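So the structure is just underneath, and the comments pick up after that.
The values are calculated or read from the model by the stated rules, or taken from the named source; none is laboratory data. Just so it is clear, the model here is predicted, and its values are computed rather than measured. Positions of Cβ are generated from backbone atoms using ideal geometry, with glycine treated the same way; all protein chains shown enter the neighbour counts. Please note that ligands, DNA and RNA were not included when accessible areas were found on the heavy atoms of the full protein model with its side chains. Shrake-Rupley method; radii C 1.70, N 1.55, O 1.52, S 1.80 Å.
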Amino acid sequence: MTSPPDAAPPRRTSLAACVRHAAARSRRIVRSPWVGRVLAAGALVAVTAGGITIGTLLGARGASDVGPFRVAFQLTPSVDGGTEIAIPPLGSLFLDSHDGPARLTVRLDSLDQRRTEALLDDPAGLAHAGATAPEDLRDALVRLGVRTLGVSVLASMLLAGVTFRSVRRMAWSGGLALLVTGGTLGTAALTVRPQALAEPRYEGLLVNAPALIGDAQRIADDYSRYAAQLQRLVGNVGELYSTVSTLPIYQAAPDTTRILHVSDLHLNPAAWPMIKSVVEQYDINLVIDTGDITDWGSEPETSYVSMISQLNAPYVYIRGNHDSPRTAAAVASQPNAVVLDDSVTTIAGVTIAGIGDPRFTPDKQESEAGPWEEAATTVEGTGKQLAVTIRSLDRPVDIALVHDPASATALNGVAPLVLAGHTHQRKVTELPSIGAIDTRLAVQGSTGGAGLRGLEGDEPMPLVMSVLYLGADHQLQAYDDIQVGGAGTAQVSLNRKVIDGTPQVNPAAPSATPADN
């Protein structure tokens, strides 16, 4: 009986054979025409995307002049779209202005001092700048879009030419870049929502802007009306001076020192023409500013103080709670300005001591009582510090300057006249006599009509300033309170007060309506 043949051993496939088989299969797949086209298309898309990115980085930015501002623009990829308006160092506001994968960033880089001064000097120029701003912005955005499109297409074609060395693929890359970039910009343009301007979202210090200045459109409308009225009043101040100077109540002696006291300008450009007119018409020897010349103490606001140099009189200033050290430095840089901060100066023979407000609270509203009350001790301490400085001198001080009248208590009996501001309410009082020196406290109203806040009410706040007359002994003999505007009408009033006398009002001044010239 024969035995069955032995079973054949199982076939074993080596690892090397498997690798060779997979490699051969891959080569067959790669050689497939449709796979090659997919890979080529993918490479073209990747190169085009790189070209668009390079083009956006290089071309999607620019700068343009809009009114007095130098404005920088930039487009960046974004899922949600929208616009960011950056106002350093105050913060940013965000607008849900459009859809699409492009975000617009607008940055107010700087103020041109020459154009700003021209606008402040010419109310018509201010109105023209506001009227042309939308057109300037539109032209700048169109140029930005065209430049972004052109640079993106060119960058994509160049990158494709270097990568593929094929004219046909360069053309395809350029066409694809044109389609993608143009579609992105077109989507943004077609989905623009103008109503988004009325619904901004704020970040930084600008979070407080709506509460502080109210509705921007309403303020702009009110300011146009108010500025037109104030411009007609400038010449009228001179006419008032001519009338008041003939009054027999008080005749200023040749050695009388005339000081103009202003305070709380709060960035109101209409204040400067009035101040300049009074300085010239009253032959002012010295201007004293008791603070809050700005609103936020920011870098863009510092150009506002450049108008000080145009006044033909020395300008003595102390910092208010809305003014920053940067503001004080900008004032100090003016050739005719002196900044006092627990220091003393003598100008026109008058010795003046002053100290800045210890607070920097630009985001506080005047209606907030708690934080102000908490800082009251510090404010009073500032007055005590200045009193120590004055007592250490070897000569008497004629005038002491503080921003907040709460600081004046410690100066009672130290100086005969204390000037302050802060409250936006004009008030002159005699402090209780406690020594050899009787002290009078003169709190100034707002020479800037409280700035933009003054336009929130039904009627704009008036611009208030005072001319102080000091005799040969540097003692206050009389003062004129000048009020410009107010009550919603073009109106100037002047009230003269002679020390130890009764107030007299120029009969022609209280309701004097300026001529239309």
task: Might you work out the accessible area of ASP255 for me, using a 1.4 Å probe with all protein chains in place, and round it to the nearest 10 Å²?
output: 90
message: As a test of reading the structure, rank ARG326, ARG496 by solvent-accessible area (1.4 Å probe, protein chains only), most first.
response: ARG326, ARG496
- request: State the extension gain, in nm to one decimal, for the chain segment bounded by THR345 and THR191, taking 0.36 nm per residue of separation less the distance between their alpha-carbons.
  value: 49.3 nm
query: How many nm is it between the label spots at VAL498 and ALA472, if each spot is 7 Å from the Cα in line with the beta carbon?
result: 1.9
query: What is the set of long-range amide H partners of SER78 at a cut-off below 5 Å, with H atoms built 1.01 Å from backbone N?
result: ALA102, ARG103
field: Magnitude of the charge dipole, the range 247-361, Cβ model with Lys/Arg +1 and Asp/Glu -1, debye to 20
entry: 140
- prompt: How many nm is it between the label spots at GLU299 and VAL388, if each spot is 7 Å from the Cα in line with the beta carbon?
  reply: 3.6
statement: Rounded to the nearest 10 Å², the 1.4 Å probe accessible area of TYR469 is 10
task: Compute the distance in nm between two label points, each set 7 Å from the Cα along the Cα-to-Cβ direction, one at ALA253 and one at ARG165.
output: 10.0
